[in-house]
Amino acid sequence: MVVSSNGHYDWAKELKEFDETKAGVKGLVDAGVTKLPRLFVHPPETLHSRPKLDGVPLDLPTIDLQGLGSRRSEVVEEIRKAAQEWGFFRIVNHGVPLETMDAMLAAVKRFHEQPTEEKMRWYSSDVRKHVKLTATYLHVNMIRPVGGIS
């Protein structure tokens with residue numbers, strides 16, 4: 001944890017230091033980190049909305065692309081709502097063959113199992129690069145989480 005001279009947590013500094021390792025979250029795991037770094041913890045008051053548990057199983061939003069042509073507006077609205085309320089969703093009837101999805105997952109696994117030094121060649125937060133590795137959605141030039149962290 002990075003603490004500034006005034007005793008307050010310095011989120012931006014910790015983010016910059018994490019980003020400069022170019023090792024990503026897998027690098028934390030490889031280094032034996034067993035506790036989630038404060039950098040990744042968002043206080044509840046900074047989260048806009050979260051699915052409620054209340055003993056009810058969470059049902060991940062599913063977007064069905066079957067008949068997309070005639071349902072375009074409806075599908076766009078489903079994606080907007082799922083992205084806004086959940087941040088992610090599942091897509092079905094997309095037409096991507098299972099073999100292609102399995103091959104993609106295998107390639108991602110092979111990439112992330114490489115030594116950190118090899119992956120560092122691809123590490124960048126430059127949005128102009130077409131192929132890159134980034135650790136998280138967080139970037140050094142981002143604004144601190146709403147409400148800040150002290």
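Okay, here's what the table says:
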item	result
Counted charge near R121, where neighbours are those whose Cβ lies closer than 11 Å (Asp, Glu -1; Lys, Arg +1)	+1
Potential extension, R38-V108 segment - 0.36 nm per residue separation minus Cα distance	22.5 nm
Segments 13-26, 65-78 sorted - mean Cβ within 10 Å per residue, highest first	13-26, 65-78
Listed pairs K35/K119; K81/K119; K35/K109; K22/K129; K16/K119; K81/K109 exceeding 26 Å between Cα atoms	K81/K119; K81/K109
Amide proton proximity set for D10, modelled H, under 5 Å, gap of 5+	V2, V3, S4
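Read-outs throughout are calculated quantities, based only on the coordinates presented, and are distinct from any laboratory measurement. Please read all numbers here as calculations on a predicted model, not as lab measurements. Cβ sites come from the backbone with ideal geometry, for glycine too, and all protein chains shown count toward neighbours.
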